[in-house]
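Here is the structure we will look at, set down as structure tokens.
The values are calculated or read from the model by the stated rules, or taken from the named source; none is laboratory data. Quick caveat, the model's predicted, so the values are computed rather than measured. With ideal geometry, Cβ positions are generated from the backbone for all residues, glycine too; neighbour counts draw on all protein chains shown.
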Amino acid sequence: MRILNGRLNPQAITKQMQSLVHKINVMFNFNQEKQIEFLMELSTWMSDGVKPIDALKGMNQIFLLSGKANSIQNKATESLIDALNKGQPMYIGMEGYFTRYLVTIFRSAEETGTMSEALSLLSEDDKQIKELKTIFFKPVIPSFFYVLLMLGSSINITTDVLPSLARGKPFDEWPVPAQNYTNLMNVIMEYWPFITVGIIVAIVLIGKFLANNVSKLRLDLDTMPVLNAYRTFIANQYLKMLSVLMLANIKPMDALRMMEANGSPYVAWHAKEAQKKLDKGEMEIGKAIDTGLIADEVLIKMQYLTSVSSHEGKVRGLRVTAERSIGLAMKSLKRAGMLTALVFFAILIYLLMNAALAIITLGVAK
């Protein structure tokens, strides 16, 4: 932000605010899945022999007729049209609306004539990633809501049920289980905003740790059952991303550099380690990406599949390996989801037992 004569520049502030609003709009209304759908639609027009500029104008007319003139998709279309009208490559108009990853793939795939296939693989991969995420959350979400329901019931027990059972008896004379349970619920009711914020912060920190930490301890944890769920999930994405980039005729070294630039620190570290092996003369991509990310049982088979001389064969080997690694990722995520659900059920049982004990002891107390 520029400061002129000791004052903030209003134009700079306005520009930054507009940029922020645009980024938020893209994030919520034009995510990667929708970006891929947009590019696949454009690809179908072009594969039917329609010139890129005419295809984009046709899509623009459809948006206008459907009342979506102000949609982020139409703005992206107009940006692409503007770039072509200026004599610029199409990918220039994509910047600001599409992820760098998609821009690079589009640029390379367009040059090599692999657009339709690359976008189809991207769409398929995006759907599979969502399916893998649901495997983890499927057992977690119900158990979490059971705990919330129990907490709601516990508040009712504390405020209405226990006082009626006490029949006017002073709190100091209540049985210890009833006092402990009431004190626990009072703490939760009084400090629930702080507890909620604490839980959210903890989840964010865990996510940051998984995505950013590449310490020796973290890499050791990646080899342990259940704790390796994130690793197997990312490994599947890693193989798919690398195969799509190579399908677009991007060299392995350039593909890994791109993954390093666009990925999380965790992915970037593994991509950088693979680059070091290629720099040292390793010719086989299957051996170069042996950095501890991909499970041994998957890695061994992949090294055989990618040991062919042709570029297409290496891409096919990576795709086959990625498809077969889905089963391993599913098992790891399912175990991690079940373990998380067990933690919630343990909390649920603890609350139930304490509630029952408080009611029984207070009900029979003289």
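General remarks:
Condition check ((1) in contact with a His (Cβ under 6 Å, 6 or more places away or on another chain); (2) over 27 Å from residue 317 (Cα atoms); (3) in contact (Cβ under 8 Å) with a residue 40 or more places away in the chain) across all residues:
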| position | (1), (2), (3) |
| --- | --- |
| 170 | no, yes, no |
| 196 | no, yes, no |
| 216 | no, yes, no |
| 232 | no, no, yes |
| 246 | no, no, yes |
| 250 | no, no, yes |
| 256 | no, no, no |
| 275 | no, no, no |
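- On inspection, residue 285 fails the criterion of being within 18 Å of residue 222 (Cβ to Cβ) and among the β-branched types (Val, Ile, Thr).
- Only listed residue being surrounded by 14 or more Cβ atoms within 10 Å (Cβ to Cβ), among the polar types (S, T, N, Q), modelled with pLDDT under 90 and assigned to a helix (DSSP H, G or I), chosen from 25, 60: 25
- Positions within the stretch 311-343 being in contact with a helix residue (DSSP H, G or I) (Cβ under 9 Å, 6 or more places away or on another chain), without any contact (Cβ under 8 Å) to a residue 12 or more places away in the chain and among the small types (Gly, Ala, Ser), in sequence order: 313
- Inter-residue pairs, beta-carbon under 7 Å, first surrounded by 13 or more Cβ atoms within 10 Å (Cβ to Cβ) and in the stretch 351-366, second in a loop (DSSP other than H, G, I, E, B), 6+ apart: 361/175; 362/174; 362/175; 365/175
- Cβ separations smaller than 6 Å between residues 6+ apart or across chains give the following pairs from the stretch 23-34 residues that are farther than 21 Å from residue 104 by Cα to residues that are of a type in the set (A, V, I, L, M, F, W, C) and surrounded by 14 or more Cβ atoms within 10 Å (Cβ to Cβ): 25/72; 29/72.
- Within the stretch 132-147, at least one residue is closer than 19 Å to residue 241 by Cβ, at pLDDT 80 or above, part of a helix (DSSP H, G or I) and not charged (D, E, K, R).
- The set of residues in the stretch 63-82 that are aliphatic (A, V, I, L, M) and either exposed (fewer than 14 other Cβ atoms within 10 Å of the Cβ) or within 26 Å of the chain's Cα centre (by Cα) (or both) comprises 64, 65, 69, 72, 76.
- Of all residues making up the stretch 252-296, the number that are under 25 Å from the mean Cα position of the chain (by Cα), within 24 Å of residue 323 (Cβ to Cβ) and of a type in the set (A, V, I, L, M, F, W, C): 11
- All positions within the stretch 231-288 that are within 20 Å of residue 215 (Cα to Cα), part of a helix (DSSP H, G or I) and hydroxyl-bearing (Ser, Thr, Tyr): 232, 238, 266
- Counting only residues that are part of a helix (DSSP H, G or I), closer than 17 Å to residue 25 by Cβ and touching a residue at least 24 places away in the same chain (Cβ under 8 Å), the stretch 92-101 holds 0 of them.
- Check on residue 104, in the same structural domain as residue 246 (by the TED database), of a type outside the set (A, V, I, L, M) and either in contact (Cβ under 8 Å) with a residue 40 or more places away in the chain or part of a helix (DSSP H, G or I) (or both): no
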